[in-house]
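Below: the structure, in structure tokens.
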Amino acid sequence: MMVVFLGPPGAGKGTQAARLAAKYGLPQISTGDMLREAVGAGTELGGRVKAIMASGDLVSDEVMLELVEDRLAKPDCSGGAILDGYPRTRGQAATLDPLTERLGLGEVKLVLSLDVPEEEVVNRISGRRQESAAMGERDDDKQEVVVERMRVYRELTEPLVDYYRDRSVLRQVDGVGTIDEVFGRLDEAMREAVQQ
Ligand code: AMP
């Protein structure tokens, strides 16, 4: 089953996607983590995306499609996957269903939109910034970059909520609460989708 996570930066997508992936035995595909790994490993891709990521902007749809296609073609994705951070633009969403169909994975069946008010995500990210500064991670949690990432989210990614609502696969989930509370809500949506 193909599942997509939507939500602003700092909504808790990564944490929750990892838990759902473990529970349902599906791989979690985090495009942000894949790109950070490429940057860390100093690959050719890493070199191309480093500055874009540091500024809070998006890597091009073409580069992302290639990356996601390679990953979804791997055998561990044969039962589907949980996409965390992809798609992020209308262009990415438009090419996703044809891709997953072609790979025999079926269309996206469930889109979990984690709803968290902007004020709350800004607070959460500044908490994460303090932690990661101590560990030397995530340059893109800097204040000005966070502002840009939020702008990019609102402009390019948020319209996907309507896109997937129109396709009747959207479940909006309240992302405010403890990690366990939010997980409970997501798990319920997941269980229903599995049963369908
Ligand atoms: P994330 O960890 O998901 O917030 O991603 C970190 C950064 O990686 C983003 O700010 C983008 O620069 C880049 N990135 C991750 N996923 C995508 C995507 N689907 N499309 C374009 N850029 C992406």
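The values are calculated or read from the model by the stated rules, or taken from the named source; none is laboratory data. Note that this is a predicted model, so its numbers are computed, not measured. Positions of Cβ are backbone-derived with ideal geometry, glycine not excepted, and every protein chain shown enters the neighbour counts. The area values use the complete protein model at the heavy-atom level, side chains included, leaving out ligands, DNA and RNA. Shrake-Rupley method; radii C 1.70, N 1.55, O 1.52, S 1.80 Å.
Can you list the residues of region 4-39 with backbone N under 15 Å from a point 7 Å past the Cα of L99, pointing along Cα to Cβ?
Within reach of a label on L99, which here means backbone N under 15 Å from a point 7 Å along Cα→Cβ, region 4-39 contributes 4-5, 28-35.
Considering the zone a paramagnetic label at A51 would reach in this model (a point 7 Å from Cα along the Cα-to-Cβ line), which residues of region 59-74 have amide N under 15 Å from it?
Flagged as within label range: 59-60.
In square angstrom, what is the accessible area per residue of the chain with a 1.4 angstrom probe? Walk me through the intermediate numbers first.
Working: 9740 Å² over 196 residues.
Spelled out: the 1.4 Å probe surface of the chain, per residue, equals 50 Å².
Based on the Kirkwood radius over alpha-carbon pairs, what value in µm²/s does the Stokes-Einstein equation return for the translational diffusion coefficient of region 30-130 at 4 °C and 1.567 mPa s?
Working: Rh = 15.2 Å.
Diffusion coefficient, whole number: 85 µm²/s.
Amide H of I29: which non-local residues (sequence gap of 5 or more, or other chain) have their own amide H closer than 5 Å, using H built in the peptide plane?
I82, L83, D84
Quick one: pull the percent of accessible area on the chain belonging to carbon and sulfur, 1.4 Å probe, ligands and nucleic acids left out.
C and S atoms contribute 50 percent here.
Within region 104-120, name every residue whose backbone N is under 17 Å away from a label modeled 7 Å from Cα of V161 along the Cβ vector.
111-120
Let me know the whole percent of all Cα-Cα pairs from region 2-195 that are separated by more than 21 Å.
On the way: 9425 of 18721 pairs.
Of the Cα pairs, 50 percent sit more than 21 Å apart.
Would you calculate the separation in nanometres between label points at S126 and D76, each defined as 7 Å from the Cα along the Cα-to-beta-carbon direction?
The answer from the label model is 3.7 nm.
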